[in-house]
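Have a look at the structure below, then the notes.
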Amino acid sequence: MTETFFGEFDLASLSIWLFWIFFAGLIIYIQRENMREGYPLEDDEGKKSSNPAMWPIPSDKTFKLPHGRGEVSVPSGQAPERDGIAMKRSGPGNGYPLEPTGDPMLDGVGPASWAPRKDWPELDGHGHPKIIPMAAKDAFSVKAGRDPRGLPVMSGDGEVVGRVTDMWIDEPEQLVRYLEYTLDPKWGTGNRLVPLTMARIGKDKVTVRSLYGKHFGTVPQHASATQVTVLEEDKICGYYGGGTLYADAKRQETLL
């Protein structure tokens, strides 16, 4: 008995085959984990896809949310899709553009779209709302640049629609996320938020070019005077962003 088992066995071949088997299993595992959101697949109009997926959808995995916000199980407990979206396909097959069937800014479609997120505020690591009005936090003040509070808000068509009353800050990041303004009675009532990235702070005014005066009365409102929820943020940002295209029919034409 001078020969061993490995004497005629190709260890290099075994190693490479074990690697390929492991690698194939890893790809299948990662792909199935990737299917915890957005599956089963749907077509452009929200109907169930005829080709759901190459691999079976994984079983539920339950995650405990921080700060006492309960649990969520995915994929079955994923956020539901929005129903009754006012868009239609412009052609007979998948891949054709979708066209709005109503007022796209009010319906929240296209560039104005929003997702059905949870109606609660984003929290910091200590469980406190991240985005708060500066008026509620004495520790913050404007040290550089133009303080926009008190300045008029001008629309893209040159109408003065209100006046800036406060700035909403992301406390952990220490930066301004929104400007708050009060609408003039001509355009509506109450206060609204505008993302700072959609506003241009000038010497004597704040300009919001994406919207015209007639659009400010239907800007989505935030329910609380001291916090804004992630759902409200999505709707607010979508409305201003959608106005870049939909506020004027001329903006939808091809530019040469």
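The values are calculated or read from the model by the stated rules, or taken from the named source; none is laboratory data. Note that the structure is a prediction, hence the values are computed from the model and not measured. Because the Cβ atoms are built from the backbone with ideal geometry, glycine has one as well, and the counts that use them run over all protein chains shown. We work out accessible area using only protein heavy atoms, side chains counted, and drop any ligands, DNA or RNA first. Shrake-Rupley method; radii C 1.70, N 1.55, O 1.52, S 1.80 Å.
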Practice prompt. Anything over 31 Å Cα to Cα? Flag those among Lys137/Lys214; Lys48/Lys235; Lys88/Lys235; Lys61/Lys235; Lys48/Lys250, in the order listed.
Written response: Lys137/Lys214; Lys48/Lys250
Discussion item. Please compute the per residue accessible area over the chain with all protein chains in place, 1.4 Å probe, rounded to a whole number of Å².
Written reply: 64
Practice prompt. Return P(r) of segment 201-256 (all Cα-Cα pairs; 5 Å bins starting at 0; whole %; ordered from short to long distances).
Written response: 4, 17, 20, 20, 20, 12, 5, 2, 1, 0
Response to the item:
Counting only residues 5 or more apart in sequence or on a different chain, those whose built amide H sits under 5 Å from that of Arg177 are Trp168, Ile169, Asp170
Fill in: Residue among Ile27, Ile85, Ile131 with the largest mean-square fluctuation in a Gaussian network model of the chain, springs linking Cα atoms under 10 Å
Ile27
Worksheet entry | Backbone N within segment 16-31 under 14 Å of label point (7 Å from Asp10 Cα along the Cβ vector) | 16-18
Practice prompt. Provide the net charge surrounding Ala135, with neighbours chosen by a C-beta distance below 11 Å and charges set as Lys +1, Arg +1, Asp -1, Glu -1.
Written response: -1
Worksheet item: Karplus couplings for segment 65-73 from phi (6.51 cos²θ - 1.76 cosθ + 1.60, θ = phi - 60°), rounded to Hz, Gly and Pro as x?
Response: 7, x, 6, x, 8, x, 10, 9, 10
Discussion item. Springs between alpha-carbon pairs under 10 angstrom, Gaussian network model over the chain: which of Glu180, Glu171, Glu33 fluctuates most?
Written reply: Glu33
Fill in: lysines with Cα under 18 Å of Lys143, excluding same-chain neighbours fewer than 8 positions away
Lys203
Practice prompt. Take the eigenvalues of the Cα gyration tensor for segment 132-231, scale each by 5, and report the square roots as semi-axes in whole Å, largest first.
Written response: 21, 16, 11
Item to complete: For the chain, give the percent of accessible area contributed by carbon and sulfur heavy atoms, probe 1.4 Å, rounded to a whole number.
Response: 55
Discussion item. Helix 230-246 against the longest principal axis of the chain: what's the angle in degrees, Cα atoms only, rounded to the nearest 10?
Written reply: 70
Discussion item. I need the shape label for segment 75-199. Rule: rounded when a/c is under 1.5, else prolate if a/b > b/c, else oblate, with a, b, c from the alpha carbon gyration tensor.
Written reply: oblate
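Give the residue list of GluC sites (Glu not before Pro) in segment 42-75 that are DSSP loop and have at most 15 other beta-carbon atoms within 10 angstrom.
Working: sites: Glu42, Glu45, Glu71; in loops: Glu45.
Of the GluC sites (Glu not before Pro), the ones in loops of segment 42-75 whose Cβ has at most 15 other Cβ atoms within 10 Å are Glu45.
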Response to the item:
With x for Gly and Pro, the residue-by-residue ³J(HN,Hα) of segment 165-177, computed from phi through the Karplus equation 6.51 cos²θ - 1.76 cosθ + 1.60 at θ = phi - 60° and given in whole Hz, is 10, 7, 10, 9, 10, 8, 4, x, 7, 6, 8, 7, 9
Worksheet, complete the sentence: For the chain, the longest principal axis of the Cα atoms and the Cα long axis of helix 11-33 enclose an angle in degrees, to the nearest 10, of 30
Practice prompt. Report Rg (one decimal) and Dmax (nearest whole number) for segment 8-71, counting Cα atoms only, units Å.
Written response: 18.8, 61
Worksheet item: Gaussian network model of the chain, Cα springs within a sub-10 Å range: biggest mean-square fluctuation belongs to which of Lys235, Lys88, Lys47?
Response: Lys47
Worksheet item: Leu123's amide H: which non-local residues (gap 5+, or another chain) put their own amide H closer than 5 Å, with H modeled 1.01 Å from N in plane and none for Pro or chain starts?
Response: Lys130
Discussion item. What percentages make up the Cα-Cα pair-distance distribution of the chain when the bins are 10 Å wide from 0?
Written reply: 6, 21, 24, 20, 14, 6, 4, 3, 1, 0, 0
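Below 15 angstrom from the Cβ of Gly102, what's the summed charge of the other residues (Lys, Arg +1; Asp, Glu -1)?
Working: positive: Arg82, Lys88; negative: Asp83, Glu99, Asp103, Asp107.
Result for the local shell: -2.
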Worksheet item: So, counting K/R as plus one and D/E as minus one, what does the shell of residues with Cβ under 11 Å around Asp124 add up to?
Response: -3
Worksheet item: Which residues' amide hydrogens lie under 5 Å from the amide hydrogen of Gly162, considering only partners 5 or more residues apart or on another chain, with H built in the peptide plane?
Response: Val153, Asp184
